[in-house]
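Quick note: the coordinates plus some simple rules give every number you see, no bench work behind them. It should be emphasised that the depicted structure is a prediction, and the values quoted were computed from it without experimental measurement. Here the Cβ positions follow ideal geometry from the backbone for every residue, glycine too, while neighbour counts run over all protein chains shown.
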Amino acid sequence: MITLQGKGVSGGIAVGKLTFLERTHYSIEKKPITEVIAEIERFNAARETAAVQLEELSRTMAEKIGKENALVFDIHSMMLSDPDFYQPIIDIIENQRLCAEYAVMEAGSALAQDFADMDDDYMKARAVDIRDVTNRVIAILSGTWMDAAAGSDPVILAADDFSPSETAQFDRSKVLALVSRAGATNSHTAIFARTMGIPAIIGFGPSLSAGLAGTIAAIDGETGVLCVDPGPELIEEFNKKHEQLEEERQAMEKYRGRETITSGGKRIQLFANIGSVADVEAALLGDAEGIGLFRSEFLYLGREDYPDEETQYESYKRVLEEMKGKQVIIRTMDIGADKQAGYFGLPEEENPALGMRAIRICLTRPELFKTQLRAIYRASSAGNAAVMFPMICSVTELLRAKAIAAEVREELGAQKIAFNEKVPLGIMIETPAAAVISDLLAKEAEFFSIGTNDLTQYTLAIDRQNDALSEFCDIHHEAILRLIKLTADNAHKAGIPVGICGSLGADKTLTKFFIETGIDELSVEPASVLPLRKVIAKL
């Protein structure tokens, strides 16, 4: 028996034959052309065909995996009309006079790599989406298309990675589980696997070799373990765990659609964190009561230039519409530190985490800030929006941010543009400074949300990106818990709500502490909503 360890992204147990996905491969030649205009027209025609395919795929997948989950194919379609995607391709055709297939491969690979190299996990995961769209256009240009179907018998399907298009179209009766050498926790493939109830493990690397094809394997999607050629006793253990997990899953479903309330009657709001429009699907699937953190910086990352007001407006509006009246707290851009965008022209800094980032950029570049706020206020007519300023450390900073927001409201009013004038303005408590003066900040903010990731980093003076320091990073350190309690106490004295949107929000060992402390709202990753609701119901 061989045991391999990967990273589980979709829970569940499966036992079956290990089969490697076979795709149609096409060779891309660096072929020169003479008719540039004709080649650009050929590329544009392929884009239009891809858009039609994606529209049809979105429609059929909405019936199979739900409208929210099929949104990714709408996003793929939007990508086709994004200048960041198509203009570099056209530039290669025009300037290097090379065929469209090669231009799409080169430009698409470069854009995907830009995303893959980012520090932010969410943005890393988008590289797969770019490759998916790129492969679709190349396949149309070359007259081929990949075959994502499995064989006639149910199998555990293996590959380097799976694209969203492939995963969504798998026949659930033929695919017992998915395992891959690469992959990302936040990828649409992972979301689809969870949606379709397919156990999935990623990140095996080269240990998942093609030489294992045809052997019987057993996987545990929760622990990330893959056992190749297990004996009868181990298979029986896996089957027993499968029965147990199925019972737990059914028990969890009893909490879907319920209020989040303790056995003693205390009501808690249980929201979801998202990073893009496409993530709304996961929030709705997870039964979140709202969006406690919409990381708007995704609109700025992976681009060559600043997103304009209209681009931002459409994204915020879509999220608000999809959430149908549930509150959506939009954090203004948190660029800087580990989320860099080259076109911002930020200076090289010895310690970016302590440098020009988030609200500091907004206050020193008010024109960028106003563009984002205009987009948010305009979109606010479509739903229940709130605005949250990150990295506020002083009352002065908060007052300056509020003043710019007031200017935006005045301008929109003068232009007779519809918006909700009562959008709540809150702040993130992410530094010890903000926590210590939270009594003063509470007089000017309409709500608090405690960002425990940065609060931990700054309180303990530990870089959270540095794995070598993990043994010193005590996320339950008394200093952090005291700052959380101080913030909650000061918020309630001022009569404003306080939530938590950092990773500690999903830490079940702290749930009782948070509720006793008076935390009003927890915002967590979508998959954590139902399990956390179950825990809270028993307190």
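One table, with the values for the structure above:
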item: Tally of Lys pairs whose C-alpha atoms are under 23 Å apart, taken over region 269-537, 8 or more apart or cross-chain; result: 26
item: Residues of type aspartates and glutamates that Lys174 reaches as a straight line, Cα spacing below 12 Å, ignoring anything fewer than 8 places off in the same chain; result: Asp153
item: DSSP bridge orientation in region 219-348 - percent antiparallel, rounded to nearest 5; result: 40 percent
item: Convex hull per residue volume in Å³, alpha carbons only, for the chain; result: 166 Å³
item: Rel. contact order, % - alpha carbon contacts under 8 angstrom, at least six apart, region 269-537; result: 20 percent
item: Simple spin-label estimate for Ala418 and Thr396 in nanometres, 7 Å along Cα-Cβ; result: 4.1 nm
item: For the chain, share of DSSP beta bridges that run antiparallel, in % to the nearest 5; result: 35 percent
item: Extension reserve of the Thr364-Ser263 stretch, reckoned as 0.36 nm per residue once the Cα distance is removed; result: 31.5 nm
item: Region 36-142: translational diffusion in µm²/s, Stokes-Einstein, Kirkwood Rh over Cα pairs, 20 °C, 1.002 mPa s; result: 151 µm²/s
item: Contact order relative to length of the chain, as percent, for alpha carbon pairs under 8 angstrom and 6 or more apart; result: 15 percent
item: Along each principal axis, Cα extent of region 306-364, largest first, Å; result: 44, 21, 19
item: Region 188-245 - percent relative contact order, Cα under 8 Å, separation 6 or more; result: 24 percent
item: Using a Förster distance of 41 Å, the FRET efficiency for Glu304-Ala479 (Cβ separation, nearest 0.05); result: 0.45
item: Residues Asp308, Asp161, sorted so that the one with the fewest Cβ neighbours within 10 Å comes first; result: Asp308, Asp161
item: At 1.002 mPa s and 20 °C, Stokes diffusion of region 396-539 via Kirkwood alpha-carbon radius, µm² per second; result: 129 µm²/s
item: nm² value of the averaged projected area, convex hull over the Cα atoms of region 167-300; result: 11.2 nm²
item: Two-site label geometry, Asp229 and Lys254: point separation in nm, points 7 Å out along Cα→Cβ; result: 4.4 nm
item: Length released on extending from Thr311 to Thr3, taking residue separation times 0.36 nm less the Cα-Cα span; result: 106.1 nm
item: Cα-centred dipole magnitude for the chain, charges only on beta-carbon of K, R (+1) and D, E (-1), debye, nearest 20; result: 1540 debye
item: DSSP-assigned coil residues among trypsin sites (Lys or Arg not before Pro) in region 260-365, each with at most 11 further Cβ atoms within 10 Å; result: Lys324
item: Inverse of mean 1/r across different Cα pairs in region 311-460, Kirkwood, Å; result: 16.0 Å
item: Axial C-alpha extent at least 30 Å, average Kyte-Doolittle at least 0.5 - helices from the chain (DSSP); result: none
item: Taking Leu522, Leu354 and counting other C-beta atoms within 10 Å, the order from fewest to most; result: Leu354, Leu522
item: Dimensionless Rg ratio for region 269-537, taking C-alpha atoms and the 2.2 N^0.38 Å reference; result: 0.96
item: Sequence of Ile13, Ile191 once ranked by neighbouring C-beta atoms within 10 Å, starting from the fewest; result: Ile13, Ile191
